[in-house]
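The values are calculated or read from the model by the stated rules, or taken from the named source; none is laboratory data. As the structure is a prediction and not an experimental result, all values here were calculated from the model. All Cβ positions, glycine included, derive from the backbone under ideal geometry; neighbour counts span all protein chains shown. These area figures cover heavy atoms from the full protein model, side chains too; ligands, DNA and RNA do not enter into them. Shrake-Rupley method; radii C 1.70, N 1.55, O 1.52, S 1.80 Å.
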Amino acid sequence: MGIPSAAGAIDAPTGADKIVFDVRAFGATGDGATLDSPAINRAIDAAAGGGGGTVYFRAGNYLCYSIHLKSKVAIYLDPGAAIVAADPASSATSDSSQRYDVAESNKPWEDYQDYGHNHWHNSLIWGEGLEGVSICGPGLIWGKGLSRGWGAGPKAEDLGVANKAIALKNCRNVLLRDFSILHGGHFGILATGVDNLTIDNLKIDTNRDGMDIDCCRNVRVSNCSVNSPWDDGICLKSSFALGYARATEMITISNCLVAGSYEEGALLDGTFKRFAADAKVPRTGRIKFGTESNGGFNNITVSNCVFDGCRGLAIESVDGAVIEDVSVTNVTMRDVVEAPIFLRLAARMRGPSGVPVGVLRRVLLSNITCSCAPGWRIGAILAGIPGHPIEDVKLSDIVIVHPGGGTKEDAQRELPEKEKDYPEPNMFGTTPAHGFFIRHARGVEMNGIKIEHANEDLRPAFVIEDVTGAEFGRIKAPLSAGVSTFALHRVRDFSVFRSKPVPDTEVAEAEKQEI
């Protein structure tokens with residue numbers, strides 16, 4: 001790097017043809033005490049005014065309120081460079097540069113998603129309607145003064161408070177690569193209506209959601225590690241925040257870690273210190289589609305991912321979304337706290353009136369291995385609602401190992417529908433099956449499924465209710481005296497073959513039958 005000129009521009013490294021704008025040449029100090037966001041925004045304006053360029057952060061701690069991204073401008077964080085979210089200023093502050101930007105109105109759509117999804121400007125770093133934006137480099141974004149949206153700390157709804165580390169709306173051609181986020185607030189990254197988005201090699205260690213990808217197209221999330229004990233790690237959504245139902249589609253998530261059992265910061269510092277067993281932490285930390293699900297999810301793959309100390313995979317349509325053409329493969333899960341697999345089609349219907357119940361179909365899950373945490377009582381769940389079945393779901397080559405301990409009373413539980421409720425696996429309580437509870441479905445194929453438990457479990461491995469077309473092959477499940485492998489209730493066109501616990505069996509129709 002050359003020496004900054006008076007204009008703040010320096011020659012780019014050899015072989016590059018861009019101009020680099022050093023934020024220190026615009027007045028930033030990086031001393032961790034002086035407010036640097038006005039200088040940083042001047043540097044970004046200068047880069048944008050010249051047709052684009054790189055805004056460069058050398059090592060230091062840059063205390064900031066809102067930073068405004070611009071088209072064709074790249075942010076580069078050197079090793080040792082940290083953008084630090086300042087504590088919220090007094091709401092009486094009249095100088096907008098001395099506080100976070102005010103949350104813009106999103107009326108009349110604000111009733112259809114929570115507060116965090118309705119606003120973008122009240123963020124540490126934000127951009128709207130931009131093209132060709134990037135944030136790169138091995139530095140850190142520390143949301144120290146951000147609100148997490150609930151609980152202790154700044155209140156997100158207050159003037160001058162921010163609740164997102166990075167927020168992007170209606171942008172295209174965006175690259176986020178190589179940096180880390182610590183304590184990211186409600187969202188480490190919120191991307192809404194962003195097309196051609198690449199998120200690569202990030203480490204996010206945070207107190208709510210890691211990243212939410214909402215109403216986006218052509219997104220690549222790869223090589224990322226997310227520790228988010230209090231909320232979801234990598235979350236796809238299709239809300240009504242843009243004022244219309246827009247699908248999240250053409251998405252790949254690959255080679256990622258999601259976790260929920262490490263103390264905040266323990267991922268980034270490499271200690272991987274786990275919470276105490278009795279800590280009041282939900283250990284969410286998963287990959288999820290939903291809960292906001294107005295526009296739909298389609299043409300999506302999840303592959304080669306690791307879940308650790310968190311909830312399992314969740315795919316949910318509860319607000320009218322069509323979910324179809326989804327493939328999840330090569331996933332390992334350890335210390336899963338509940339429901340390694342949760343597929344839910346329901347009718348919360350938070351959105352404009354008159355929208356029909358959604359669809360969940362053509363989902364393939366394969367090559368998944370899961371070991372469950374102590375105290376686990378909730379098996380995998382595939383559940384539609386009466387009149388709206390999950391359709392054409394295929395699960396293959398799956399191993400689930402759990403601690404067992406289910407009772408005869410658990411096996412007799414009749415689970416409520418709760419079709420209007422917020423969807424979480426624990427909404428039903430302990431499942432009557434220790435393997436899979438499948439209800440309101442059509443066209444379910446399961447092949448190469450192995451279930452093991454460390455202690456005796458008196459629940460059936462599979463409970464199947466109101467299902468048409470259920471085909472099982474190569475099933476391996478433990479045998480306990482007096483306990484069936486399959487419990488069928490209102491089932492048509494059922495078959496099981498080449499399965500050690502039971503003989504080959506075909507059932508044309510059964511009101512109630514155990515096998």
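Of all the listed residues (Ala103, Ala152), the sole one being at pLDDT below 95 and either closer than 16 Å to Pro88 by Cα or of a type in the set (Lys, Arg) (or both) is Ala152. Considering only residues in segment 456-488 that are open to solvent by 10 Å² or more (accessible area, probe 1.4 Å) and within 14 Å of Ile400 (Cα to Cα), the one that is modelled with the lowest pLDDT turns out to be Pro478.
Does Ser353 qualify as being in a strand (DSSP E or B) and on the phi < 0 side of the Ramachandran plot? Walk me through how you get there before you give the answer.
Numbers: in a strand (DSSP E or B): no; on the phi < 0 side of the Ramachandran plot: yes.
No; evaluated as a whole, the condition is false for this residue.
Scanning segment 104-133 for residues that are assigned to a helix (DSSP H, G or I) and of a type in the set (Phe, Trp, Tyr) gives Tyr112, Tyr115.
Using the structure shown, decide if Thr284 is part of a loop (DSSP other than H, G, I, E, B) and not hydrophobic (A, V, I, L, M, F, W, C).
Numbers: part of a loop (DSSP other than H, G, I, E, B): yes; not hydrophobic (A, V, I, L, M, F, W, C): yes.
Judged against the criteria, Thr284 is a match.
Which residue out of Ser134, Ser147 is hydroxyl-bearing (Ser, Thr, Tyr) and buried (at least 19 other Cβ atoms within 10 Å of the Cβ)? Among Ser134, Ser147, only Ser147 is hydroxyl-bearing (Ser, Thr, Tyr) and buried (at least 19 other Cβ atoms within 10 Å of the Cβ). Among the residues that make up segment 238-249, is at least one of them surrounded by 24 or more Cβ atoms within 10 Å (Cβ to Cβ), touching a Phe, Trp or Tyr at 6+ places or on another chain (Cβ under 8 Å) and among the charged types (D, E, K, R)? Among the residues of segment 238-249, not one is surrounded by 24 or more Cβ atoms within 10 Å (Cβ to Cβ), touching a Phe, Trp or Tyr at 6+ places or on another chain (Cβ under 8 Å) and among the charged types (D, E, K, R), which makes the answer no.
What is the residue count in segment 457-475 for residues that are within 18 Å of Glu514 (Cβ to Cβ) and either out of contact with any helix residue (DSSP H, G or I) (no Cβ under 6 Å at 6 or more places or on another chain) or among the charged types (D, E, K, R) (or both)? I'd like the intermediate steps shown before the answer.
At the first step, the residues of segment 457-475 found to be within 18 Å of Glu514 (Cβ to Cβ) are 457-467, 470, 472, 475.
Those left that are additionally either out of contact with any helix residue (DSSP H, G or I) (no Cβ under 6 Å at 6 or more places or on another chain) or among the charged types (D, E, K, R) (or both): 457, 459-467, 470, 472, 475.
Counting residues in segment 457-475 that are within 18 Å of Glu514 (Cβ to Cβ) and either out of contact with any helix residue (DSSP H, G or I) (no Cβ under 6 Å at 6 or more places or on another chain) or among the charged types (D, E, K, R) (or both) gives 13.
For segment 272-295, check the following and say yes or no: at least one residue is open to solvent by 10 Å² or more (accessible area, probe 1.4 Å), within 22 Å of Val359 (Cβ to Cβ), among the polar types (S, T, N, Q) and in contact with a Ser or Thr (Cβ under 9 Å, 6 or more places away or on another chain). Yes, because at least one residue in segment 272-295 is open to solvent by 10 Å² or more (accessible area, probe 1.4 Å), within 22 Å of Val359 (Cβ to Cβ), among the polar types (S, T, N, Q) and in contact with a Ser or Thr (Cβ under 9 Å, 6 or more places away or on another chain). Looking only at segment 489-515, residues that are assigned to a loop (DSSP other than H, G, I, E, B) and open to solvent by less than 70 Å² (accessible area, probe 1.4 Å) come to 4 in all. The number of residues in segment 406-420 being over 31 Å from the mean Cα position of the chain (by Cα), over 9 Å from Thr431 (Cα atoms) and surrounded by 12 or more Cβ atoms within 10 Å (Cβ to Cβ) comes to 1. A Cβ distance below 7 Å, combined with a sequence gap of six or more or placement on separate chains, defines the contacts here; from segment 335-348, residues that are farther than 9 Å from Arg311 by Cα reach residues that are of a type in the set (S, T, N, Q) in the pairs Leu345/Ser317. Restricting the first member to segment 115-126 and to residues that are buried (at least 24 other Cβ atoms within 10 Å of the Cβ), and the second to residues that are at pLDDT below 95, the beta-carbon pairs closer than 6 Å and six or more apart or on different chains are Gly116/Gly149.
Every condition in (1) touching a residue at least 40 places away in the same chain (Cβ under 8 Å); (2) among the hydrophobic types (A, V, I, L, M, F, W, C); (3) assigned to a loop (DSSP other than H, G, I, E, B) holds for Ile398 except the one numbered (3). Among the residues of segment 150-159, not a single one is crowded, with 17+ Cβ neighbours inside 10 Å and assigned to a strand (DSSP E or B). In segment 14-65, counting only strands (runs of 3 or more DSSP E) that sit wholly within it, the ones holding 2 or more residues that are open to solvent by less than 30 Å² (accessible area, probe 1.4 Å) span 19-22, 53-57, 60-64. Taking the stated definitions as given, is Cys370 open to solvent by less than 10 Å² (accessible area, probe 1.4 Å), under 21 Å from Lys237 (Cβ atoms) and either assigned to a strand (DSSP E or B) or hydrophobic (A, V, I, L, M, F, W, C) (or both)? For Cys370, the condition - open to solvent by less than 10 Å² (accessible area, probe 1.4 Å), under 21 Å from Lys237 (Cβ atoms) and either assigned to a strand (DSSP E or B) or hydrophobic (A, V, I, L, M, F, W, C) (or both) - is not met. Scanning segment 160-203 for residues that are open to solvent by 30 Å² or more (accessible area, probe 1.4 Å) and among the charged types (D, E, K, R), we see that the one that is farthest from Gly129 (Cα to Cα) is Lys203. Scanning segment 160-197 for residues being assigned to a loop (DSSP other than H, G, I, E, B) and out of contact with any Pro (no Cβ under 7 Å at 6 or more places or on another chain) gives a total of 9.
Scanning segment 296-335 for residues that are more than 19 Å from Gly193 (Cα to Cα), open to solvent by 10 Å² or more (accessible area, probe 1.4 Å) and in a loop (DSSP other than H, G, I, E, B) yields one hit, Arg311.
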